[in-house]
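Notes to accompany the following structure.
The values are calculated or read from the model by the stated rules, or taken from the named source; none is laboratory data. Given the structure is predicted, the values throughout are model-derived calculations rather than measurements. Cβ atoms come from the backbone with ideal geometry, glycine included; neighbour counts cover every protein chain shown.
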Amino acid sequence: MSKSWFKSRRFRITLTAIVVLLIVFLFLPEKDQALLFTVKRGDLLIRIPVDGELQAVESFIVKAPSNVWGNIRIVKLAPEGSIVKKGDFLIQFDTSEQMQRLQEAQNKLETALANLASTKADIQNEMAELENDIKMETYSLEQARLQAKNAIYEAENKRREIELNLKKAELRYAQLLRKKESLQKIHQARLRQAELEVEQARLEVKQRQEDLKRLTIYSPADGLVVYKKVWESGGMTKLKVGYTPWRSQALIEIPSHSKMKVMASINENEISRVKKGQQVEVRLDAIKDTLFSGTVTDIATLARQDDEKEKNVFDIEILINEADPRLKPGMTAHCNILVQKIENVLQVPIEAVQIKEGKSFVLDEDGDPIAIKTGQSNDDFVVVTEGLKEGDRIQLRASASDTPAQNKVKPKKKKPKSVSRRVIILR
């Protein structure tokens, strides 16, 4: 083998080693790499976090019919969780028993109408017969009166007979008139009774028709279908097809999603900072891609014992400002109540502040400590009242060789200018 071949191989190995070393050097994290923050002025927002549950501001309860007797077993239901409009179908009850009762009522009405027609016909016939008798008796009376008028020319015995016949005719006529008057009263009573039976039968038919309509229930408002729990077979269960409710039993709740609220609770040591009208950020586990806004609308007057937290808490109500069909009762809500806004102040991330012997300090970009005085803070930032100015750059965390947990201040070390740094700028 020639020396040139060895030289060529040695060159390739050397070049490969250099490339590997460069890759390792470039991609291995630097122990002394620092994350920097540029100090600027901004508004410090102080919020109180609370968790709660979404509820509808307005909700409608749909109940079983209160005045329908008999078996009203449920045969059809609108799906739970579906969005309905006012007037949409909700519940269908079994109609077979009510249909039978309606048919019976209609049969009664037909019978009553036939009886009324028969009564009217009987009255008409009886009155026609009586009127004919009165007409004939009127003629007989007129003849008797005429004979009595001419009786002055007759013998005494004949005259007395004529006068007696006149009195008999007058008596029969009077009896017929009294009979007519009495019969008219009887006829009026019979007719009224027959008409009353028709009226009652019509009312019963109308009632059965209304009962039949009540067996189909429609939504009283726009909203979400939520089944109520019912008692069946010795335990509570969700409403389902085949269930037979009692009268006026609550079956479905229709919460309106046009206005939703969060019901939450806050510890008693923070309640003094919460006021009606404060703005709230609301996030939902079920809708993570959307940030909702809200307003504190109600604060309980009295505290209550929270058994889980073993603390006294106050219930608060937060109204969601947006209307969104995705909002549903029961969703878990995470809220941040804006209790204070401090405008145009210097602030730094809390993680940049270290404490030693009760004094606060930060590290500049070279790792040198800077004593500061701090003011109010939130979960992320703290106000700096002394020690820093706008534009200063500080370390967000100590370098890997430091031990911030022990609050040690390392002496100033000059770092190569080639050391890379990431800078966070407060907007």
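With respect to ILE424, is the statement that it is within 46 Å of the chain's Cα centre (by Cα), modelled with pLDDT of 95 or more and not polar (S, T, N, Q) true? It is false that ILE424 is within 46 Å of the chain's Cα centre (by Cα), modelled with pLDDT of 95 or more and not polar (S, T, N, Q). Taken together, the criteria exclude MET236 from residues that are out of contact with any Lys or Arg (no Cβ under 7 Å at 6 or more places or on another chain), part of a strand (DSSP E or B) and under 30 Å from PRO325 (Cα atoms).
Set side by side, the residues VAL282, VAL339 differ, and just one is within 23 Å of LEU45 (Cα to Cα) and in contact with a helix residue (DSSP H, G or I) (Cβ under 6 Å, 6 or more places away or on another chain), which is VAL339. For segment 298-305, check the following and say yes or no: at least one residue is in a strand (DSSP E or B) and either of a type in the set (A, V, I, L, M) or over 22 Å from ASN269 (Cα atoms) (or both). Looking for residues that are in a strand (DSSP E or B) and either of a type in the set (A, V, I, L, M) or over 22 Å from ASN269 (Cα atoms) (or both), one finds at least one in segment 298-305, hence yes.
Within segment 165-196, the set of residues being of a type in the set (A, V, I, L, M) and more than 19 Å from MET136 (Cα to Cα) comprises ILE186, ALA189, LEU191, ALA194, LEU196.
Taken together, the residues in segment 214-233 that are more than 19 Å from the chain's Cα centre (by Cα) and either outside any helix (DSSP H, G or I) or loosely packed, with under 13 Cβ neighbours inside 10 Å (or both) amount to 5. Here the condition is being over 30 Å from ASP289 (Cβ atoms) and either at pLDDT below 95 or touching a Cys at 6+ places or on another chain (Cβ under 6 Å) (or both); of GLU351, GLU365, it holds for GLU365 alone. Within segment 88-97, is even one residue loosely packed, with under 15 Cβ neighbours inside 10 Å and either assigned by TED's automatic domain parsing to the domain that holds GLU322 or more than 23 Å from the chain's Cα centre (by Cα) (or both)? Within segment 88-97, one or more residues are loosely packed, with under 15 Cβ neighbours inside 10 Å and either assigned by TED's automatic domain parsing to the domain that holds GLU322 or more than 23 Å from the chain's Cα centre (by Cα) (or both). The number of residues in segment 107-132 being among the hydroxyl-bearing types (Ser, Thr, Tyr) and closer than 30 Å to TYR173 by Cα comes to 2.
The set of residues in segment 245-284 being closer than 28 Å to SER66 by Cα, in contact with a strand residue (DSSP E or B) (Cβ under 7 Å, 6 or more places away or on another chain) and assigned to a loop (DSSP other than H, G, I, E, B) consists of PRO245, SER248, GLN249, SER256, HIS257. The residue list ASP364, ASP315 contains one member that is under 30 Å from GLY223 (Cα atoms), assigned by TED's automatic domain parsing to the domain that holds VAL280 and among the acidic types (Asp, Glu), which is ASP315.
Scanning segment 48-62 for residues that are surrounded by fewer than 15 Cβ atoms within 10 Å (Cβ to Cβ) and not in a loop (DSSP other than H, G, I, E, B) yields PRO49, ASP51, GLU53, ILE61. Only one of the numbered conditions (1) over 15 Å from ARG283 (Cα atoms); (2) in a strand (DSSP E or B); (3) not acidic (Asp, Glu) is not met by LYS309, and that is (2). Criterion first (in a strand (DSSP E or B) and within 18 Å of the chain's Cα centre (by Cα)) does LEU319 satisfy it? Answer is yes for this residue.
Tell me which residues, restricted to segment 369-380, are more than 15 Å from VAL339 (Cβ to Cβ) and touching a residue at least 40 places away in the same chain (Cβ under 8 Å). Within segment 369-380, just PRO369 meets the criteria. Taking the conditions (1) exposed (fewer than 13 other Cβ atoms within 10 Å of the Cβ); (2) hydrophobic (A, V, I, L, M, F, W, C); (3) part of a loop (DSSP other than H, G, I, E, B) in turn, ALA117 satisfies each one other than (3).
Count of segment 318-330 residues, restricted to those that are surrounded by 14 or more Cβ atoms within 10 Å (Cβ to Cβ), in contact with an Asp or Glu (Cβ under 9 Å, 6 or more places away or on another chain) and modelled with pLDDT under 95, is 1.
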